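Student: The following block contains the structure, expressed as C-alpha cells.
Nothing in this text is a laboratory measurement; each read-out follows from the coordinates by a stated rule. Nothing here was measured: the structure is a model prediction, and the numbers come from that model. Here Cβ is always computed from backbone atoms with ideal geometry, including for glycine, and neighbour counts include all displayed protein chains.
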Amino acid sequence: MTDHLLSGVEPDPAGDAGHPDAPPRAGFFTDTSVCIGCKACEVACKEWNAIPEDGLALTGMSYDNTQGLGASTWRHVAFVEQPRPAPEGRTELPLADARDGTGAAGGSGGDLRWLMSSDVCKHCTHAACLDVCPTGSLFRTEFGTVVVQEDICNGCGYCVPACPYGVIEQRPADGRAFKCTMCYDRLGAGQEPACAKACPTESIQYGPLDELRERAALRVEQLHEAGVTDARLYGHEPTDGVGGDGAFFLLLDEPEVYGLPPDPVVTTRDLPAMWKHAGAAALSLAGGLALSFAAAALARPARPTGRKGWR
C-alpha cells in the first residue's frame, strides 16, 4: 500500500486479490456536466438490488429526498444550487440579486445554476474497508471492485469509519454494512450495471477503467475549449491518496461543493509503519527484560556447594 503511494506505480487490485487471470479493471466515469438529475440511476439501483426505500420526503434544502449515500442508498443524485459563473471567471452573487435578475453574471434567464451529480462508492484501489474487515465479508472481485457479502458481515462496523468518503453504512435493523457492488452479478453475466444502463444522458459510463480515463480526459479538453474552464476530473489519478478510484467524476466546481473530500487518503495508510514501530518496541522490551534477568542472575551470590560444618 505505502510502497505504491511512494513509487507512483499503479497496482493491479484484482491480481493482488488472487485473480491472476482477471479481466481488465472495470469502473464508472460519471460526467456531471450532462447529468439532468432525473434519478433514474437511483431507481434502477434500488430495483435491481432490491434495496429498501429510505426517503420519500424532501429535505427542505433542495429537491433531494435521499440526502446522501448509505446502506439503503447506493446511488445518490446531489442537487447543488449556486450562482452562475460569469464568462470571465467565477463571480459570487447575492441570492437577492440573482432572484430579481439584477446580478452582473449569467444570462437573461436568471443567475442561478444547478450542479447535479450522481454519487456512488468509489471502489478504491487501496480500500481501507477491506483492510479493517475481520471476517472477510468485504472482498475484491476479479473486476477490481469492492463488494460486501451480507451473509458474512457480523455488523462490527469497523468499515464505516475506515472509508475516507463516508460511503459504507450499517442498516439499523440488523447492523450489517451495505454499499454499492457495481452490480457484481450483472458484471459476471457480461452486462453493465443497472445505473449506467438506465442513465438517459450517458452521464454514468461503465467500462474498462483505462478506457474511461482516456475518454474523460478528452471530455475535459472539449469543455475547456468550449469555455467551461472549471471542468476537472476527480478520483482518476492513480497516485492520489487512495491509489485512484474505480469510480471517478468530471466536476464543474471544487469537490467540496459536491460534498466530496478534496484530498482523500486511505485511512489505513500508516498501519504498516505503526506495526513496524510496535514490533520494534516489543523487541526492545523483550531485550530489556532479558538483560534485566541476566544482570540479576549474575549479581546473585553463589550458593555453597560443600557440606563443611554440617553434622
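Student: List, in order, the whole-Hz ³J(HN,Hα) value for each residue of region 204-212 obtained from phi through the Karplus relation with A = 6.51, B = -1.76, C = 1.60 and θ = phi - 60°; use x for Gly and Pro.
Tutor: 9, 10, 10, x, x, 4, 4, 5, 5
Student: So how do 201-209, 284-292 stack up, highest first, on mean other-Cβ count within 10 Å?
Tutor: 201-209, 284-292
Student: Provide the packing ranking of 248-259, 56-67, 29-40, 114-125, i.e. peptides ordered by the mean count of other C-beta atoms within 10 Å per residue, highest first. Please list the in-between numbers first.
Tutor: On the way: 248-259: 18.5, 56-67: 12.2, 29-40: 20.2, 114-125: 24.6.
Highest to lowest by the protection proxy: 114-125, 29-40, 248-259, 56-67.
Student: State the extension gain, in nm to one decimal, for the chain segment bounded by residue 214 and residue 286, taking 0.36 nm per residue of separation less the distance between their alpha-carbons.
Tutor: 20.5 nm
Student: At 7 Å along Cα-to-Cβ for each site, give me the label-to-label distance between residue 59 and residue 158 in nm.
Tutor: Here the answer is 3.1 nm between the modelled labels.
Student: Subtracting the Cα-Cα distance from 0.36 nm times the residue separation, let me have the gained length for residue 17 to residue 228 in nm, one decimal.
Tutor: Full extension from residue 17 to residue 228 adds 72.0 nm.
Student: Further question: Under 5 Å between amide hydrogens, which residues at least 5 positions from residue 82 or on another chain qualify, with H placed 1.01 Å from N in the peptide plane?
Tutor: Under 5 Å from the amide H of residue 82: 113, 115.
Student: Residue by residue through region 245-251, what is 3J(HN,Hα) from phi via Karplus (6.51 cos²θ - 1.76 cosθ + 1.60, θ = phi - 60°)? Round to whole Hz and write x for glycine and proline.
Tutor: 9, x, 10, 10, 9, 9, 10
Student: Hey, another quick one. Sorted by average packing, counted as other Cβ atoms within 10 angstrom per residue and highest first, what order do 68-78, 156-166, 223-233 take?
Tutor: By packing density, highest mean first, the sequence is 68-78, 156-166, 223-233.
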